[in-house]
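Chemist: If you scroll down you'll find the structure; I have some questions about it.
Read the figures in this text as sums done on the coordinates, not as results from a lab. As the structure is a prediction and not an experimental result, all values here were calculated from the model. All Cβ positions, even for glycine, are placed from backbone atoms using ideal geometry, and neighbour counts span all protein chains on display.
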Amino acid sequence: MFDENAVRRWRPLFLGLTGVFLAMLAFGLYRIFLLTPNERTMGIAQKIMYVHVPSAWNAFFSFGAAFAFSVAHLATKNIKWDLLAHACVEVGTLFATFVLITGPLWGKPAWGTYWDWHDARLVTTLILWLIFLGYLMLRATSESRGRRSKLSAIVAIVGFCDVPIIHMSVLWWRTIHPMPVVMNREAGVGRNIDSTMLGSLLFMLAAFNLLFFILVYHRVALEIAREKLDALKSVRARRLEEVG
Amino acid sequence: MSREGFVAAAYGVVFIGLIVYALGLRLRVFAARRQAARLESDLAELERASK
């Protein structure tokens with residue numbers, strides 16, 4: 001998937017996957033709004049969970065993938081890993097943005113407030129978003145390619161360390177976020193939630209995860225197109241110098 | 001805002017955001033490829049002129 005021909009070869013597969021994603025999304029929304037019951041205390045506001053949690057999962061998954069690709073890049077100096085890490089960070093930042101918007105929109109009807117600076121999960125998620133926003137800014141501003149790749153790989157590795165902190169924050173500190181609902185050890189995994197709700201949540205998680213791969217494919221295609229453009233620009237500059 | 005309003009706002013942000021990002025991504029790919037094609041033809045012209 002790292003040259004124009006490969007992008008073209010993979011296109012039918014990703015077009016098919018886009019169709020599968022759209023069908024899953026339509027069925028997922030049908031399930032959420034017509035088949036899944038409302039939560040007892042939050043009512044319909046709890047339906048925000050079906051986009052908030054999959055967005056969070058996708059953000060963590062993206063940053064996890066960026067972490068792995070950055071480690072591979074630092075170990076091998078292969079630019080392909082850097083390209084993939086960049087694509088994952090951009091997609092992950094998009095989903096982290098959704099988390100930071102849908103969270104307060106759920107928080108207001110559920111807790112009576114959009115934001116609480118004393119809540120460890122909210123603040124650590126904001127820090128994660130800022131770290132990866134910094135990553136994208138670093139890539140946009142840094143001139144030297146080697147230096148840019150190395151520095152951004154380090155930022156991705158350090159930034160990912162925040163993900164387990166976010167996950168554990170509800171156990172380590174007092175927060176207004178609930179304790180883990182699905183991965184609840186005391187009640188048993190998946191036993192602390194209505195089975196229809198769990199089914200809808202897992203279905204949306206699968207759909208969003210599929211979307212992650214589709215978006216990364218298109219982001220890689222963009223980077224390949226830009227690489228080709230940069231190469232052509234330098235060839236033209238050289239030719240113009242030769243011609244005088 | 002009512003609870004339904006918060007739900008609509010959350011779903012709206014996610015789906016409109018996804019559509020805007022996906023369209024933007026495709027447009028950026030299209031723009032880069034178009035510019036590359038133009039540069040390729042420029043280069044071919046330079047080649048012809050230098051011969």
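Chemist: Can you pull the mean other chain C-beta count within 10 Å for peptide A:212-219?
Modeler: The per-residue average across the peptide is 2.
Chemist: In addition: Set the Förster radius R0 to 35 Å, insert the Cβ-Cβ distance between A:Leu130 and A:Leu171 as r into 1/(1 + (r/R0)^6), and round the FRET efficiency to 0.05.
Modeler: 0.90
Chemist: Just how large is the dipole of segment A:1-68 about the Cα centre, in debye to the nearest 20, putting +1 at every Lys and Arg Cβ and -1 at every Asp and Glu Cβ?
Modeler: Once rounded to the nearest 20, the dipole reads 160 debye.
Chemist: Next question, about the same structure. Explain nothing, just the number: relative contact order of chain A, from Cα pairs under 8 Å at least 6 residues apart, as a whole percent.
Modeler: The normalised contact order for chain A reaches 28 percent.
Chemist: Over what distance in Å are the Cα centres of segment B:18-34 and segment A:93-159 separated?
Modeler: Centre-to-centre distance over Cα atoms comes out at 23 Å.
Chemist: Continuing with this model, one more query. With the alpha-carbon atoms as the only input, what is the per residue convex hull volume for chain B in Å³?
Modeler: That works out to 39 Å³ per residue.
Chemist: Let me ask something additional. Could you state the angle between the C-alpha long axis of helix A:79-111 and the longest principal axis of the C-alpha atoms of chain A, as a value from 0 to 90 degrees rounded to the nearest 10?
Modeler: 30 degrees
Chemist: Follow-up question, since we're still on this one. May I ask which of A:Lys47/A:Lys108; A:Lys80/A:Lys228; A:Lys150/A:Lys233 have a Cα-Cα span longer than 21 Å here?
Modeler: A:Lys150/A:Lys233, as the Cα separations exceed 21 Å there.
Chemist: Taking the Cα centre of each part, how many Å lie between segment A:6-46 and segment A:203-244?
Modeler: 27 Å
Chemist: Going by alpha carbons, how many degrees (0 to 90, nearest 10) lie between the helix axis of A:49-76 and the longest principal axis of chain A?
Modeler: 40 degrees
Chemist: Cα gyration tensor of segment A:1-99, axes a ≥ b ≥ c as square roots of the eigenvalues: rounded (a/c below 1.5), prolate (a/b > b/c) or oblate?
Modeler: Note, shape of segment A:1-99 comes out oblate.
Chemist: Quick one: work out Rg over Rh on the C-alpha atoms of the protein assembly as shown, Rh as Kirkwood radius.
Modeler: Taking Rh as the inverse mean 1/r over Cα pairs, Rg/Rh reads 1.05.
Chemist: Using the alpha-carbon atoms, what tilt in degrees (0 to 90, nearest 10) does helix B:3-50 show relative to the longest principal axis of chain B?
Modeler: Between the helix axis and the principal axis of chain B, the angle is about 0 degrees.
Chemist: Give a residue-ordered list of calculated ³J(HN,Hα) values for segment A:12-22 (Karplus: 6.51 cos²θ - 1.76 cosθ + 1.60, θ = phi - 60°; whole Hz; x for Gly, Pro).
Modeler: Ordered by residue, 3J(HN,Hα) equals x, 4, 6, 5, x, 5, 5, x, 4, 4, 5 Hz.
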